[in-house]
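The values are calculated or read from the model by the stated rules, or taken from the named source; none is laboratory data. These numbers come from a predicted model, not from an experiment. Cβ sites come from the backbone with ideal geometry, for glycine too, and all protein chains shown count toward neighbours.
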Amino acid sequence: MTENSRSFSMLMAGALCTGFFCFPSYAFASDYSRPLIGISPKDKLDFHIGESVFQKFWVPAPSSTTASDGLGPLFNTRSCNSCHLQNGRGHAPIANESGTTVPSTLIRLGKSYPNYNLPADTIYPHIGDRTYGHQFQGQSSPGILPEGDYYLTYHTHTETLNDGTTVELRKPNLHWSQLNYGDLEDSTGFTMLVSPALVGMGLLDNIPDENIIANADPDDKNNDGISGKVSWVDSNKSIIGRFGYKAAAPSVSIQNQTAFNTDLGLSTPLKTAPSGDCTELQQDCLASPNGNSPHLGDLEVDQQQSRLVDLFVSLSSPPAMRNISDPLFLEGKNLFDQLGCASCHIPKMNTGEKSKFAVLNNRTFYPFTDMLLHDMGPELAGGFPSFSAIPSEWRTAPLWGMGLSKKVSGRVGFLHDGRAQTIEEAILWHGGEAERSQGHYKNLNKEQRKKLIYFLESL
């Protein structure tokens, strides 16, 4: 056995192997909407019921369908699935397209601070715009004025690789075409986000805190240029953020319920406001009928529906790695390691033994993330900080399933705002702590780049 083969065999420890083929033990799936292998029959039934709640269309109140009313009054979409089509990732609007017609793109709003010369461990509370709240919503219930609309233009520039190959990169510029409630506050910043893929969320939710903390090196004490830090989402630094591009949500349930409340305007057990993200300056919105119902515990998304969606998202399996018996896969993996990509995109993780779902306990899996925040440079900076993350810091994105993105949702958009239309473009946008790896990529020859992309598309 070669050294490379031995290394990969160690990487795949705990996988299921048949003959010459090994697969991660989490799934044999080609899409993003299949349950983890090994879940109990009851959980499997609840998984499919939860999927139906995830996919169902909500309607404004009052309605005869009291189990599905309460949408809005301000909202971005009518179902979870509209943003996360088949659990897949979203895409950015094309140039000059109405942004509010693309439900998988959101504009988040927050307070931009005058400078970030505060202590490195500062926790920035997420404060929205006084008029428009935490998110810009372009859809509304009858009789309620939507918040408006926007469109994008793209500034392009050309990157030239070491062998003379040129790659055109595009950066989105946001333009407000309508602001129906007046101007945004001068102190409000905005960040465009495309919906991420929802696979393996339960596995990521059950990585022990101590494992995430162990990989952090905020002061770069080992001098490797990588200074990942934990996303603390409370002032006592006792709760770790795991989900969202800024790792602002500490659990699957909080992430889901925040999306129900902000994206769809639905009340949940944790987010009880039936008017969602309406602000005190949007009185018509606050006074609008809601779908809170006694038989649902005076909520619109009750405890049971919330539980089922949490289960569906938690137990949705990452797709299996592909092409792992192909020598090109191993060669691509070696390049991935040589370029330093694995310093942040750590291949292997383990869950603990405290999950309420037995299938998630003591699992080895391969998400290619460290769950930490990293500075990605000014070109990728958002418009405001969020808890531990300053504008240029983002959680390391898991890489599993990248090569299936177009198959799952029909279109592709990589990075937080979907600007990158290919994996290569995403790599070339990496700056900050990843600038050294980006430079190494630019020095590869055409065949080496092809092998690396082949590896990434196979994850």
Inset, instruction - Can you give me the number of residues within the stretch 271-286 that are buried (at least 18 other Cβ atoms within 10 Å of the Cβ) and either among the basic types (K, R) or without any contact (Cβ under 8 Å) to a residue 40 or more places away in the chain (or both)? - result: 1
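Restricting to the stretch 83-118, count the residues that are over 15 Å from L193 (Cα atoms) and not acidic (D, E).
Taking the stretch 83-118 as the starting set, the residues that turn out to be over 15 Å from L193 (Cα atoms) are 85-87, 95-98, 111-118.
Subset that is not acidic (D, E): 85-87, 95-96, 98, 111-118.
Qualifying residue count for the region: 14.
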Inset, instruction - Output the qualifying pairs, or none if there are none: Cβ atoms under 6 angstrom, residues six or more apart or on different chains, first residue in the stretch 114-127 and modelled with pLDDT of 85 or more, second residue part of a loop (DSSP other than H, G, I, E, B) and loosely packed, with under 13 Cβ neighbours inside 10 Å. - result: I123/S235
Inset, instruction - Please give the number of the condition M371 fails out of (1) surrounded by fewer than 21 Cβ atoms within 10 Å (Cβ to Cβ); (2) in a loop (DSSP other than H, G, I, E, B); (3) hydrophobic (A, V, I, L, M, F, W, C). - result: (1)
Legend entry - Residue, surrounded by the most Cβ atoms within 10 Å (Cβ to Cβ), within the stretch 218-239, restricted to residues that are more than 23 Å from L339 (Cα to Cα) and touching a Pro at 6+ places or on another chain (Cβ under 6 Å): V233
Inset, instruction - State the number of residues belonging to the stretch 103-138 that are aliphatic (A, V, I, L, M) and out of contact with any strand residue (DSSP E or B) (no Cβ under 9 Å at 6 or more places or on another chain). - result: 0
Legend entry - Filter pass, T77 being part of a helix (DSSP H, G or I) and surrounded by 22 or more Cβ atoms within 10 Å (Cβ to Cβ): no
Legend entry - Subset of the stretch 287-304 that is in contact with a Pro (Cβ under 8 Å, 6 or more places away or on another chain) and either free of Cβ contacts under 8 Å to residues at least 24 places away in the same chain or surrounded by fewer than 18 Cβ atoms within 10 Å (Cβ to Cβ) (or both) - its residue that is nearest to L270 (Cα to Cα): Q303
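Determine which member of the set L444, L428 is within 13 Å of L161 (Cα to Cα), touching a residue at least 24 places away in the same chain (Cβ under 8 Å) and in contact with a strand residue (DSSP E or B) (Cβ under 9 Å, 6 or more places away or on another chain).
Result of the check over L444, L428: L428.
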Inset, instruction - Mind listing whichever residues of the stretch 180-201 are under 29 Å from N81 (Cβ atoms) and not in a loop (DSSP other than H, G, I, E, B)? - result: F190, T191, M192, L193, V194, M201
Legend entry - Residue satisfying condition, being more than 21 Å from T77 (Cβ to Cβ), of a type in the set (S, T, Y) and free of Cβ contacts under 8 Å to residues at least 40 places away in the same chain, within set S238, S227, S231: S238
Inset, instruction - Could you check, for the stretch 86-98, whether at least one of its residues is surrounded by fewer than 21 Cβ atoms within 10 Å (Cβ to Cβ), hydroxyl-bearing (S, T, Y) and out of contact with any strand residue (DSSP E or B) (no Cβ under 6 Å at 6 or more places or on another chain)? - result: no
Inset, instruction - Select from the stretch 246-270 the residues that are assigned to a loop (DSSP other than H, G, I, E, B) and either out of contact with any Phe, Trp or Tyr (no Cβ under 7 Å at 6 or more places or on another chain) or surrounded by fewer than 20 Cβ atoms within 10 Å (Cβ to Cβ) (or both) and list them in ascending order. - result: A247, P250, S251, S267, P269, L270
Inset, instruction - Just one of (1) buried (at least 18 other Cβ atoms within 10 Å of the Cβ); (2) among the acidic types (D, E); (3) assigned to a loop (DSSP other than H, G, I, E, B) trips up D310, so point out which. - result: (3)
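Kindly provide the set of residues from the stretch 241-282 that are touching a His at 6+ places or on another chain (Cβ under 8 Å) and farther than 13 Å from F75 by Cβ, ordered by number. Give the derivation first.
Let us first name the residues in the stretch 241-282 that are touching a His at 6+ places or on another chain (Cβ under 8 Å), namely 245, 248, 262, 277.
Answer for the stretch 241-282, where residues must be touching a His at 6+ places or on another chain (Cβ under 8 Å) and farther than 13 Å from F75 by Cβ: Y245, A248.
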Legend entry - Within the stretch 182-215, tally of residues that are surrounded by 17 or more Cβ atoms within 10 Å (Cβ to Cβ) and of a type outside the set (S, T, N, Q): 18
